[in-house]
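The values are calculated or read from the model by the stated rules, or taken from the named source; none is laboratory data. The structure displayed is predicted, hence computed values, not measured ones. In this analysis, Cβ positions are derived from the backbone assuming ideal geometry, glycine residues included, and neighbour counts consider all displayed protein chains. The accessibility values were calculated without ligands, DNA or RNA, using every heavy atom of the protein model including side chains. Shrake-Rupley method; radii C 1.70, N 1.55, O 1.52, S 1.80 Å.
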Amino acid sequence: MRSNPLSLLLTVLLAAAALYVALPLDHLPGLESALGTPEEPRDLRDLVRGLDLQGGTQILLEADLPADTEIPEGSMATARIIVENRVNSLGVTEPAVQGQGTRRIIVELPGIDNPEQAIETLRSTGQLEFIDPGDAQLLSGYIINTTNRPTASADAMAAMAAGVMDPAPVPFPDTVFETAMTGDVLNDAVPGLDDTTGLWQINFELAGDGSDQFFNYTQANVGRPMPIVLDGVVLSAPIINAAIRDIGVISGDFTEEEARSLAIQMRYGALPVPLQVVDVRTIGATLGQESVSRSLIAGQVGLLMVLLFMLVIYRLPGLLACLALGIYVALNVAVFKLVPVTLTLPGIAGFLLSIGMAVDANILIFERLREELRAGRSLRLAIRTGFNRAWPAIRDGNLSTLISCAVLFWFGSNFGASVVKGFALTLAIGVVLSMFTAVLVTRTFLQTFLTLTTGVESDSRRLLVGH
């Protein structure tokens, strides 16, 4: 086994890059824009924190149906999944979306900037329609009746009379417009800026059969308007200039947030049951600053004890393991920022647990190394054999942990237990990085030590054996 200067150089560069991202510094604008968007660059100065660490907004949604109406089986479960997809697309990290009883859904949103826009996105049924207006001139903002929503106008007038909705024009209360197509023809929808006007728009992509249907309709109606309606409200009424196939654009007087919200609703389809907002409340960090501070102190004390243990028991190898552990921590924090991973208290627990597993891998390697040295093997052969014989135990132990993480992550994803997902994710990242640092980084350090001590093997053996 020969020393590899390239491995040492790559290790140093990797450690420097990890520290650059991990430390709370002002980073390169190009890096933050590449990770986010030019309009909303990612802020890498701090870790993303969950609801228990930073607080947020809790929204209670309820099926907007009479109490004696039986909700079809599975409808609320489907609604919960759609709501969760919409929340995730809002950019909210580590949301909690859970069913409550048979008619309610609880949504917890950590640290959102615009709760009103998020609420509107969640509660909207998201029924998108492309309307045949006939001879009527429909303008943006009109509330109309359609084939799929024949009472939309009456419902809106009742809501305005009750003061629930701001007044809006309802020019056709007795007219039901024919729905030419619904949002089912769409495959995807994303917000974007019009290169010519600089206004926000929604670029949509049509599904296979929907593309043919859209093409046939637009080909037969060139020169006529095709109003686009969401939940009975006219979004825009563009003129069909040519037959459209595969991709299209919805333009209108949208703000950035409105365009993003609309794209999310189009992308994730209509709710199977209408939802109304029953309660909205702002909740503080459930742990409190004092609890967080104490948890951090406990983690620092535990880490310090681990480092002292490695130094006392293993001497020079322990020092090398401490250096590798420092790189491991920097890599973890960097990955948490880059992904990004939302840290909750269970997530922090998973990270600290992975630190113990990283040290465990080093202990296995060093004990095998000691055994080889005591058996009389040369330093070079002892290091190589020690790593080779420790690797199967490290691999199998970490693989079993990764399987457990996968099961926990699946459980959290399918049963709305986002706290379990956070624990599983941070632990899995830590396990993978611990294998990397224990096997590759520590090995590189030992190879470098062996190269630097060539010719003084007796002293080197004494430092490595430890006693």
(message) With the cut-off at 1.5 for a/c, could you classify region 56-280 from its C-alpha gyration tensor as rounded, prolate or oblate?
(response) prolate
(message) Just the number please: accessible area per residue for region 56-280, 1.4 Å probe, all protein chains included, in Å².
(response) 48
(request) Go through region 48-62 residue by residue and turn each phi into a ³J(HN,Hα) via Karplus (6.51, -1.76, 1.60, θ = phi - 60°); whole Hz please, and just put x for glycine and proline. (result) 7, 10, x, 4, 6, 9, 10, x, x, 10, 10, 10, 10, 9, 9
(message) How many angstrom lie between the Cα centre of region 186-241 and the Cα centre of region 386-415?
(response) 47
(message) Quick check: net charge around Ile429, other residues with Cβ under 14 Å of its Cβ, Lys/Arg +1 and Asp/Glu -1?
(response) +2
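All other residues with a Cβ under 15 Å from the Cβ of Asp246 taken together, and with Lys, Arg as +1 and Asp, Glu as -1, what is their net charge?
Values: positive: Arg245; negative: Asp188, Glu205, Asp209, Asp212.
Within the 15 Å Cβ shell, the charges total -3.
Report the net charge of residues surrounding Pro227, where surrounding means a beta-carbon distance below 10 angstrom and charges are Lys +1, Arg +1, Asp -1, Glu -1. Please list the in-between numbers first.
Working: positive: none; negative: Glu129, Asp132.
Overall, the nearby charge balance is -2.
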